[in-house]
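Asks: Can you keep this structure in mind? I'll have questions shortly.
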Amino acid sequence: MGTTFKIKNPDKFVEKIALRGDTLRSFSRRTGISETAFNKYINQSGRLRPTTAKKIADELHEQIDDIFLL
């Protein structure tokens, strides 16, 4: 298996999205990642590929390691 990431703090992650005025649905649409996948990542039942983690971090204007764990 290749390198994958998981969200460090799911509650804080959702809070960052909400503080931007987004819902999970609108954020997922903007990043091109399915809402189902976002729910898996937030519930810690899914792991993200590096390219997906970068898309999310870029959209939140954060560094990957501020949001995700290896």
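The values are calculated or read from the model by the stated rules, or taken from the named source; none is laboratory data. What you see is a predicted model; the values in this text were computed from it and never measured. So basically every Cβ, Gly included, is an ideal-geometry build from the backbone, and we count neighbours across all protein chains shown. Ligands, DNA and RNA are stripped out before the accessible areas are found, and what is left, the full protein with its side chains, is counted by its heavy atoms. Shrake-Rupley method; radii C 1.70, N 1.55, O 1.52, S 1.80 Å.
Asks: Could you please tell me which pairs satisfy a Cβ distance under 8 Å, a separation of 6+ or placement on different chains, a first residue in segment 54-70 that is within 18 Å of ILE33 (Cβ to Cβ), and a second residue that is assigned to a helix (DSSP H, G or I) and among the hydroxyl-bearing types (Ser, Thr, Tyr)?
Replies: LYS55/THR31; ILE56/THR31; GLU59/THR31
Asks: List the residue pairs whose Cβ atoms are under 7 Å apart, where the first residue sits in segment 13-30 and is exposed (fewer than 13 other Cβ atoms within 10 Å of the Cβ), the second is among the charged types (D, E, K, R), and the two are 6 or more positions apart or on different chains.
Replies: From segment 13-30, the pairs are ARG25/GLU35; ARG30/GLU59.
Asks: Next question, about the same structure. I need the full set of residues from segment 50-63 which are among the β-branched types (Val, Ile, Thr) and either touching a Phe, Trp or Tyr at 6+ places or on another chain (Cβ under 7 Å) or open to solvent by 80 Å² or more (accessible area, probe 1.4 Å) (or both), in order please.
Replies: Scanning segment 50-63 gives a single hit, THR51.
Asks: Looking at segment 31-49 only, could you name the residues that are open to solvent by less than 100 Å² (accessible area, probe 1.4 Å) and either in contact with a Phe, Trp or Tyr (Cβ under 7 Å, 6 or more places away or on another chain) or of a type in the set (D, E, K, R) (or both)?
Replies: GLU35, ILE42, LEU48
Asks: Turning to a different aspect of this structure: Output the residues belonging to segment 27-64 that are charged (D, E, K, R) and touching a helix residue (DSSP H, G or I) at 6+ places or on another chain (Cβ under 7 Å).
Replies: Matches in segment 27-64: ARG30, GLU35, LYS54, LYS55, GLU59.
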